[in-house]
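The values are calculated or read from the model by the stated rules, or taken from the named source; none is laboratory data. Bear in mind the structure is a predicted one, so any value in this text is a computation, not a measurement. Cβ: placed from backbone, ideal geometry, glycine included. Neighbour counts: every protein chain shown. Only protein heavy atoms, including side chains, enter the accessible area calculation; ligands, DNA and RNA are left aside. Shrake-Rupley method; radii C 1.70, N 1.55, O 1.52, S 1.80 Å.
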Amino acid sequence: TKKNCRSHFGSRMQFLQACCAGDQPTSGEQVVVKAEPVGIVGSLGPPLEPQRHFEAIVHRSAEEPLGVNVDRDPDGSLIIREIRTGGCVFAYNSASAVELKIRVGQRILKVNGVGGAAGEASAMVREAQEAKILHLEIISD
């Protein structure tokens, strides 16, 4: 047989008018379940942490600056030292999920597949200056 259930929400308790397992519900039967806040509405767990290793896809127009200051590391990566407002990385961050934001201190390992070895930092910088769509491989220390 088909059983009908419906939910009612109160300010402190959640009242669930429900069917008991295997039994036919009696008229007006209620089960009280304590409602606990779970953080952000719709979340499925604890707040997300920044990803350690991810790819960021950044779009830019010809006139738009990348908007980052970087240092070249001897290992060939670029260390992000500053993210400026008005650049395309700032715009990417504004539209991205918390765990995929680009942050100061992270490293760019590759730009559009360029990089990944010592001595390739200059090639990554050139690629970042010329391309309209940037696939940035990012890692946090």
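Count charges around N93 for me, please; just the other residues with Cβ under 10 Å from its Cβ, Lys/Arg as +1, Asp/Glu as -1.
+2
Any chance you could run the full-extension gain for A95 through E64? It's 0.36 nm times the residue separation minus the Cα-Cα distance, nm to one decimal. Could the numbers behind the result be given before it?
Details: separation 31, 0.36 × 31 = 11.16 nm, distance 1.65 nm.
Residue separation times 0.36 nm, minus the Cα-Cα distance, leaves 9.5 nm.
From Cα pairs below 8 angstrom and at least 6 apart in sequence, can you work out the relative contact order of region 52-140, rounded to a whole percent?
39 percent
Per residue, how large is the accessible surface of region 82-132? Use a 1.4 angstrom probe and give square angstrom. Please list the in-between numbers first.
On the way: 2590 Å² over 51 residues.
So region 82-132 comes to 51 Å² accessible per residue, rounded to a whole number.
Carbon and sulfur: what percent of region 52-140's accessible surface (1.4 Å probe)? Walk me through the numbers on the way to the answer.
Numbers: 2460 of 4620 Å².
The value for region 52-140 is 53 percent carbon and sulfur by accessible area.
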